[in-house]
Amino acid sequence: MKKLNKIFILGTSGSGKTTLAKNLSEKMNISHYNLDDFFWYKRFSKKRNPKKRDSMILSILKKRKWIAEGIYGFWTEKFVKKSDLVIWLDYSFGKLSWRNIKRFIKQREKKSDENLKNLIRIIKYVKNYRKGVHGGSYKSHKEIIDKHQINLVIIKNNKQLKEFMKSLDEKRLK
């Protein structure tokens, strides 16, 4: 099996991209990057200059090792093409909705500026992810993945995620 130095994690809001990226980063000692940090200058309120963010993305893609996660359609293909492994977190709408509600409650407890409008917007986005045709939709992600011969793991539930993590441990011990 090819060494996994470049991993891209794909999935809609609440799928667990950031958590998985952090876990893999610690386990494999590889830096991880959240594409939200490149898209937004001020998290979820002020977008970064497109030239600046594209330059930042290119600098990541040139690195020998990285773990990146995100859903932005216009960057997905660049990361998919460069990846040794693509992990697609493809949970049910019910699971994703529940996770986004839990995240909202936790952030409210931390006195975050999260509000109910944002939660509703996110749940609508998640609901439309499979129906949509925009760059960050299920359809566009599937087209990108189908277009390239890649090492792909699709995870649809927590049991599959645990099995995947266990298989990584076993491969690293051999």
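The values are calculated or read from the model by the stated rules, or taken from the named source; none is laboratory data. Just so it is clear, the model here is predicted, and its values are computed rather than measured. Here the Cβ is made from the backbone with ideal geometry for all residues, glycine too, and neighbour counts use every protein chain on show.
When D37 is tested against (1) closer than 20 Å to N151 by Cα; (2) within 13 Å of the chain's Cα centre (by Cα), only condition (1) is not met. Being closer than 18 Å to A21 by Cα and exposed (fewer than 14 other Cβ atoms within 10 Å of the Cβ) is a property that N158 has. Within the range 53-70, the residues that satisfy the criterion of being more than 16 Å from I30 (Cβ to Cβ) and of a type in the set (A, V, I, L, M) are M56, I57, L58. With respect to I71, determine if the residue is touching a residue at least 12 places away in the same chain (Cβ under 8 Å), over 26 Å from K147 (Cα atoms) and of a type in the set (A, V, I, L, M). Answer is no for this residue. Restricting attention to the range 55-77, the residues being closer than 22 Å to L89 by Cα, among the small types (G, A, S) and surrounded by fewer than 15 Cβ atoms within 10 Å (Cβ to Cβ) number 0.
Table: residues versus (1) in contact with a helix residue (DSSP H, G or I) (Cβ under 9 Å, 6 or more places away or on another chain); (2) farther than 20 Å from R121 by Cα; (3) modelled with pLDDT under 90.
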residue	(1), (2), (3)
G11	yes, no, no
G16	yes, no, no
E26	no, yes, no
D37	yes, no, yes
R53	yes, yes, yes
A68	yes, yes, no
D84	no, yes, no
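Condition first: of a type in the set (G, A, S) and surrounded by fewer than 14 Cβ atoms within 10 Å (Cβ to Cβ). Can you find one or more residues in the range 100-114 that meet it? Looking through the range 100-114, at least one residue is of a type in the set (G, A, S) and surrounded by fewer than 14 Cβ atoms within 10 Å (Cβ to Cβ).
Checked against the criterion of being over 20 Å from W98 (Cα atoms) and surrounded by fewer than 13 Cβ atoms within 10 Å (Cβ to Cβ), the range 124-137 has at least one qualifying residue.
Just to check your reading of the model, which residue among I7, I87, I30 is free of Cβ contacts under 8 Å to residues at least 40 places away in the same chain, crowded, with 17+ Cβ neighbours inside 10 Å and closer than 29 Å to D169 by Cα?
On the way: I7 fails: free of Cβ contacts under 8 Å to residues at least 40 places away in the same chain; I87 fails: free of Cβ contacts under 8 Å to residues at least 40 places away in the same chain.
The unique qualifying residue is I30.
Scan G94, G14 and give me the residue that is part of a loop (DSSP other than H, G, I, E, B) and either more than 20 Å from I155 (Cβ to Cβ) or out of contact with any strand residue (DSSP E or B) (no Cβ under 8 Å at 6 or more places or on another chain) (or both). The conditions single out G14.
Considering K51, K156, K65, K81, the condition of being free of Cβ contacts under 8 Å to residues at least 12 places away in the same chain and either in contact with a Phe, Trp or Tyr (Cβ under 7 Å, 6 or more places away or on another chain) or not small (G, A, S) (or both) is satisfied by K51 alone. Restricting attention to the range 100-119, the residues that are at pLDDT 90 or above and either among the β-branched types (V, I, T) or under 22 Å from S25 (Cα atoms) (or both) add up to 1. Filtered by the rule that a residue be in a loop (DSSP other than H, G, I, E, B) and under 16 Å from T18 (Cβ atoms), the range 32-89 gives L35, R43, F44, I71, Y72. Assigned to a strand (DSSP E or B) and of a type in the set (D, E), is that true of E26? Judged against the criteria, E26 is not a match.
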